[in-house]
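Asks: Got a structure here, written out as structure tokens. Questions coming.
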Amino acid sequence: MSGIRDIIILGSGPAGYTAALYTARANLKPLLFTGLQPGGQLTITTDVENFPGFPNGIQGPELMDLFRAQAARFGTEIVDAQVEKVDFSRRPFTVWSDGQPHQAKAIIVATGASALLLNLPSEQKFMGFGVSACATCDGFFFKEKRVIVVGGGDTAMEEATYLTRFADVTVVHRRDTLRASKIMQERAMANPRIKFIWNSEVAEVLGDEGKKVTGVKLRDTVTGAVTEMPIDGVFLAIGHKPNTEFLAGQLPLDAKGYAEVKPGTSYTPIEGVFAAGDVHDKVYRQAVTAAGSGCMAAIDAERWLEAQAHDASHHANTPAATTRQPAGAPGRH
């Protein structure tokens, strides 16, 4: 094990790479583990048109390559591997990757979240070519097209309502009642551009491979009968799962597995551990907000490390002094 580092970053989406960029520029020599999906969720989207600075849009994988190159340019050590387990019970913290332990004074968790999918081979085939798990990311591409939204919770109703700005929407739900809150149900039902198909599930996505979706096969969950429906887009809204299974018991998580942070900061309840991006954000889930929270985590971590160093030297120079705990909230510039 090479010595104790100032900071280790877990995850390589916009949050992880931005945190790496800021901590590297602060001369903290970050070590970043990319995780299973280097570049995060943006690597499964094609056109990204809502990231500032790219007036003509950019491909998701290309954008993440640029993020990575910028983080590396300032000295981030990037390892294409997953962290299997962590020990946050004592400082320095320890993380294990490929069975090897690595230690750091501070950790930024930016492992993101994964959209829950239907686990159909055809869904994977058309991901980014008409199948999407983010209406605010991709709705714009379906102007005057026909789309379905799969799901029955608040997310599905939000996505369906949002998509009516561009397209006629059909909600496909496997039951005959929605799970969504009353107000979201009423809003969707009152929208003339939203129709509902009940007791149905997507059995297969149809289309021209590598080009576009042309339809879906729907299976009736009561009778088992299969019908075909012509369609241009399939939006999956059956929820997201934060990538935090490996943190269970080490970091306080909410009921859905999201990391908990002090409001308005990236501070988790464990001092020295910070969280950024979709691993704690269940509201916005955008590349630009993830990047912003990566910046917050980097600044919070940098100031926290500074306070620790100050306390250590103060303590060393004043034998009788008691160690001051840093306040935890970031200061102002």
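The values are calculated or read from the model by the stated rules, or taken from the named source; none is laboratory data. The structure presented is a predicted model; accordingly, all values stated were derived computationally and were not measured. Quick reminder, even Gly has a Cβ in these numbers, built from the backbone with ideal geometry, and neighbours come from all protein chains shown.
Asks: Restricting attention to the stretch 38-65, and to residues there that are in a helix (DSSP H, G or I) and farther than 19 Å from Phe141 by Cβ, which single residue is modelled with the lowest pLDDT?
Replies: Residues of the stretch 38-65 that are in a helix (DSSP H, G or I), as a first pass: 40-44, 60-65.
When the remaining residues are screened for being farther than 19 Å from Phe141 by Cβ, the result is 40, 64-65.
Numbers: Gly40: 84, Met64: 95, Asp65: 96.
Among those residues, the one meeting the criterion is Gly40.
Asks: Also: Scan the stretch 98-115 and give yes if some residue there is over 30 Å from Glu302 (Cβ atoms) and touching a Phe, Trp or Tyr at 6+ places or on another chain (Cβ under 6 Å), otherwise no.
Replies: Within the stretch 98-115 (the criterion being over 30 Å from Glu302 (Cβ atoms) and touching a Phe, Trp or Tyr at 6+ places or on another chain (Cβ under 6 Å)), the answer is no, since none of the residues qualifies.
Asks: In this structure, is Gly210 assigned to a loop (DSSP other than H, G, I, E, B), touching a residue at least 60 places away in the same chain (Cβ under 8 Å) and out of contact with any Lys or Arg (no Cβ under 6 Å at 6 or more places or on another chain)?
Replies: Yes; evaluated as a whole, the condition is true for this residue.
Asks: Residue check, Gly257 against (1) surrounded by 18 or more Cβ atoms within 10 Å (Cβ to Cβ); (2) more than 27 Å from Phe141 (Cβ to Cβ); (3) of a type outside the set (Lys, Arg), all met but one. Which one?
Replies: It is condition (1) that Gly257 fails.
Asks: Is it the case that some residue within the stretch 24-31 is in contact (Cβ under 8 Å) with a residue 24 or more places away in the chain, under 26 Å from Val288 (Cβ atoms) and either part of a helix (DSSP H, G or I) or among the basic types (Lys, Arg) (or both)?
Replies: Within the stretch 24-31, one or more residues are in contact (Cβ under 8 Å) with a residue 24 or more places away in the chain, under 26 Å from Val288 (Cβ atoms) and either part of a helix (DSSP H, G or I) or among the basic types (Lys, Arg) (or both).
Asks: Determine if the stretch 245-252 includes at least one residue that is more than 21 Å from Glu302 (Cα to Cα), assigned to a strand (DSSP E or B) and not assigned by TED's automatic domain parsing to the domain that holds Val149. Quick ask: steps written out before the conclusion?
Replies: Residues of the stretch 245-252 that are more than 21 Å from Glu302 (Cα to Cα), as a first pass: 245-250, 252.
From what's left, assigned to a strand (DSSP E or B): none.
No, because not a single residue in the stretch 245-252 is more than 21 Å from Glu302 (Cα to Cα), assigned to a strand (DSSP E or B) and not assigned by TED's automatic domain parsing to the domain that holds Val149.
Asks: Scan the stretch 205-245 residue by residue and report those that are of a type in the set (Val, Ile, Thr), farther than 30 Å from Glu260 by Cα and buried (at least 17 other Cβ atoms within 10 Å of the Cβ).
Replies: Listed by number, the residues that qualify are Val205, Val213, Val216, Ile231, Val234.
Asks: Taking the options Arg68, Arg91, name whichever one is closer than 20 Å to Ala275 by Cα, part of a loop (DSSP other than H, G, I, E, B) and assigned by TED's automatic domain parsing to the domain that holds Gly277.
Replies: Arg91
Asks: Sticking with this structure for a sec: Suppose we keep only residues that are of a type in the set (Phe, Trp, Tyr) and touching a residue at least 60 places away in the same chain (Cβ under 8 Å) within the stretch 263-319. Which one would you say is farthest from Thr155 (Cα to Cα)?
Replies: Trp304
Asks: Does the stretch 97-136 hold any residues that are more than 22 Å from the chain's Cα centre (by Cα) and under 19 Å from Ile8 (Cα atoms), and which are they?
Replies: Selection gives Asp98, Gly99, Gln100, Pro101, His102, Gln103, Ala104, Lys105.
Asks: Same structure, new question: Output the number of residues of the stretch 101-137 satisfying the condition of being part of a strand (DSSP E or B) and either closer than 19 Å to Tyr17 by Cα or touching a Leu at 6+ places or on another chain (Cβ under 9 Å) (or both). Step through it out loud before you land on a result.
Replies: To start, the set of residues in the stretch 101-137 that are part of a strand (DSSP E or B) comprises 101-109, 113-115, 127, 131-132.
Still in the running and either closer than 19 Å to Tyr17 by Cα or touching a Leu at 6+ places or on another chain (Cβ under 9 Å) (or both): 102, 104-109, 113-115, 127, 131-132.
Qualifying residue count for the region: 13.
Asks: Now a separate question. From (1) in contact with a Ser or Thr (Cβ under 7 Å, 6 or more places away or on another chain); (2) within 28 Å of Lys125 (Cβ to Cβ); (3) assigned to a loop (DSSP other than H, G, I, E, B), pick out the condition that doesn't hold for Thr223.
Replies: (1)
Asks: Could you grab me the full set of residues in the stretch 228-260 that are more than 18 Å from the chain's Cα centre (by Cα) and charged (D, E, K, R)?
Replies: Glu228, Asp232
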